[in-house]
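A.B. asks: Once you've had a glance at the structure underneath, I'll fire off some questions.
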Amino acid sequence: MQLATLFKTLAFSASLAVMPNFASAQAYPTHAIKIIVPAPPGGAIDTIARVVGDKLAVSMGQPVVVDNRPGASNNLGTDVLAKSAPDGYTIGIVGGSHNINKFLFKNLGWDPEKSFEPIVYTHEVPLVFAIYPQIPARTLPEFVAWMKAHPDEAKVATSGRGSAQEMAAEMFRMASGVQMLLVPYKGSAAAHPDLLAGRTALYIDTISAIQSQVKAGNARAIAVSTRKRTTSLPDVPTADEQGFKGYDANTNGGFLAPAGTPSAIVAKLNAEINAALKLPDVRSKLEAAGIEIQGGTPQEYAALIKSDLAKWGKVVKQAGIQPE
């Protein structure tokens, strides 16, 4: 009898321990939710935050506010998110730089795994090899041959330190063996004029940013960076198809919460965001912007972050890039 009584007491104590977490999730949310976007308005993660945020406001019955915090290669807003209260009322969405910056900056103040609770993997945005259209190359091997024959013109635009575009260019430089010059810009809007004028030969840009220039004939798409072709430019072959075996680069990301956010709240947000991503109007808006929708469990997103950290850490090391 005493042993049975002890088991009952322990079981009751355990139930009391989980009750606050369960109760908080049952009541959540009771007021507005803020989504931190560590980038300026208009990009992929900002678009996702606003489109999904509108749906969450309806399904969760509370306002959802998007808070853009750009700066410092997306580190500024990410730092704010990491240091926010872990109560489900401040969450964030990150892009490709989240899994790269650890290797490029010495004193981030946050860790891409330890400082956050993954909520859901939302998106992948393929990158496109877009070249100056006057260059007589129609394939990636032809472009590599052209750069080797014109070393003074082998200039590749990037979106600055820590960007997926920079890492994709580093991967291409190592895979091709071409001694190209990487020219950093502050994003696509700043890089496009020089590519369209021929002052740079190549820009490996997100499909959402470059596809209008490609369709207008102002730039020529000769490859996409992912293992599979993209639905937005289905006739453009992958780098892997063109002989660069194993080449796979993109900008991807999803929603995160500060570390310590109750698991029941993370689970509720995961369910709500996954439901929003399946809505036809959400899918049409995001796919029109060149965003390939993902989804899944928090555990799957955590595994992707770990995998990307291993990949980009290897690229940074092989490229000899020193952290600032």
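The values are calculated or read from the model by the stated rules, or taken from the named source; none is laboratory data. Given the structure is predicted, the values throughout are model-derived calculations rather than measurements. As a convention, Cβ positions derive from the backbone with ideal geometry for all residues, glycine included, and neighbour counts pool all protein chains shown. Heavy atoms of the whole protein, side chains included, go into the accessibility calculation; ligands, DNA and RNA do not. Shrake-Rupley method; radii C 1.70, N 1.55, O 1.52, S 1.80 Å.
Yes/no per residue for (1) closer than 21 Å to N101 by Cα; (2) touching a strand residue (DSSP E or B) at 6+ places or on another chain (Cβ under 6 Å); (3) crowded, with 18+ Cβ neighbours inside 10 Å; (4) at pLDDT 85 or above:
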residue	(1), (2), (3), (4)
L10	no, no, no, no
A27	no, no, no, yes
I35	yes, yes, yes, yes
V64	no, yes, yes, yes
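A.B. asks: Another question, if that's okay. Name the residues in region 288-313 that are in a helix (DSSP H, G or I) and touching a strand residue (DSSP E or B) at 6+ places or on another chain (Cβ under 7 Å), would you?
C.D. replies: Within region 288-313, P298, E300, Y301, A302, L304, I305 qualify.
A.B. asks: Same structure, new question: Quick one: what pairs do we get from region 275-290, first residue farther than 10 Å from V51 by Cα and open to solvent by 70 Å² or more (accessible area, probe 1.4 Å), second aliphatic (A, V, I, L, M) and not in a loop (DSSP other than H, G, I, E, B), C-beta under 9 Å, 6+ apart or different chains?
C.D. replies: K278/I293; E287/I293
A.B. asks: State yes or no: is P133 in contact (Cβ under 8 Å) with a residue 24 or more places away in the chain, part of a loop (DSSP other than H, G, I, E, B) and closer than 25 Å to G160 by Cα? Write out each step before concluding.
C.D. replies: Values: in contact (Cβ under 8 Å) with a residue 24 or more places away in the chain: yes; part of a loop (DSSP other than H, G, I, E, B): yes; closer than 25 Å to G160 by Cα: yes.
Spelling it out, P133 is indeed in contact (Cβ under 8 Å) with a residue 24 or more places away in the chain, part of a loop (DSSP other than H, G, I, E, B) and closer than 25 Å to G160 by Cα.
A.B. asks: Can you tell which of I100, I135, I91 is touching a Lys or Arg at 6+ places or on another chain (Cβ under 8 Å), within 21 Å of I204 (Cβ to Cβ) and not small (G, A, S)?
C.D. replies: I135
A.B. asks: Quick one: how many residues across region 37-47 are open to solvent by 60 Å² or more (accessible area, probe 1.4 Å) and in contact with a helix residue (DSSP H, G or I) (Cβ under 8 Å, 6 or more places away or on another chain)?
C.D. replies: Within region 37-47, residues that are open to solvent by 60 Å² or more (accessible area, probe 1.4 Å) and in contact with a helix residue (DSSP H, G or I) (Cβ under 8 Å, 6 or more places away or on another chain) number 1.
A.B. asks: Would you mind finding the one in I305, I265 that is among the β-branched types (V, I, T), within 17 Å of the chain's Cα centre (by Cα) and either open to solvent by less than 50 Å² (accessible area, probe 1.4 Å) or closer than 23 Å to E113 by Cα (or both)?
C.D. replies: After ruling out the rest, the residue left standing is I305.
Results for (1) under 21 Å from H123 (Cβ atoms); (2) of a type in the set (G, A, S); (3) not in a strand (DSSP E or B), shown as yes or no for each residue.
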position: S208; (1), (2), (3): yes, yes, yes
position: I222; (1), (2), (3): no, no, no
position: K228; (1), (2), (3): yes, no, yes
position: G243; (1), (2), (3): no, yes, yes
position: N252; (1), (2), (3): yes, no, no
position: G260; (1), (2), (3): no, yes, yes
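A.B. asks: A209: closer than 24 Å to A149 by Cα, open to solvent by less than 40 Å² (accessible area, probe 1.4 Å) and either within 22 Å of the chain's Cα centre (by Cα) or at pLDDT 90 or above (or both), yes or no?
C.D. replies: When the stated conditions are applied, A209 does not pass them.
A.B. asks: Taking only region 143-170 into account, find how many residues are in contact with a helix residue (DSSP H, G or I) (Cβ under 7 Å, 6 or more places away or on another chain) and either β-branched (V, I, T) or open to solvent by 30 Å² or more (accessible area, probe 1.4 Å) (or both).
C.D. replies: 3
A.B. asks: Within region 66-124, can you find the residues that are assigned to a loop (DSSP other than H, G, I, E, B), modelled with pLDDT under 95 and under 27 Å from K278 (Cα atoms)?
C.D. replies: G95
A.B. asks: Also, quick follow-up: Pull out all pairs, ordered by first then second residue, where Cβ-Cβ is under 9 Å, the residues are six or more apart or on different chains, the first lies in region 73-88 and is closer than 11 Å to A259 by Cβ, and the second is in a helix (DSSP H, G or I).
C.D. replies: Close Cβ pairs satisfying both conditions: P86/I265.
A.B. asks: Out of all the residues in region 206-223, is one or more among the hydroxyl-bearing types (S, T, Y) and under 30 Å from T90 (Cβ atoms)?
C.D. replies: yes
A.B. asks: With T200, T238 as the choices, which residue is hydroxyl-bearing (S, T, Y), touching a strand residue (DSSP E or B) at 6+ places or on another chain (Cβ under 8 Å), surrounded by fewer than 22 Cβ atoms within 10 Å (Cβ to Cβ) and at pLDDT 90 or above?
C.D. replies: Details: T200 fails: surrounded by fewer than 22 Cβ atoms within 10 Å (Cβ to Cβ).
Result of the check over T200, T238: T238.
A.B. asks: How many residues, within region 136-183, are within 19 Å of L104 (Cβ to Cβ), of a type outside the set (K, R) and assigned to a helix (DSSP H, G or I)?
C.D. replies: The total comes to 10.
A.B. asks: Among the residues of region 146-164, count how many are in contact (Cβ under 8 Å) with a residue 60 or more places away in the chain and touching an Asp or Glu at 6+ places or on another chain (Cβ under 6 Å). Even if it seems obvious, please write down each step before you answer.
C.D. replies: At the first step, the residues of region 146-164 found to be in contact (Cβ under 8 Å) with a residue 60 or more places away in the chain are 160-164.
Keeping just the survivors that are touching an Asp or Glu at 6+ places or on another chain (Cβ under 6 Å) gives none.
Residues that pass the stated criteria total 0.
A.B. asks: Here are the criteria: (1) open to solvent by less than 50 Å² (accessible area, probe 1.4 Å); (2) under 20 Å from A72 (Cα atoms). Tell me which single one K186 does not satisfy.
C.D. replies: Going through (1) open to solvent by less than 50 Å² (accessible area, probe 1.4 Å); (2) under 20 Å from A72 (Cα atoms) one by one, K186 breaks only (1).
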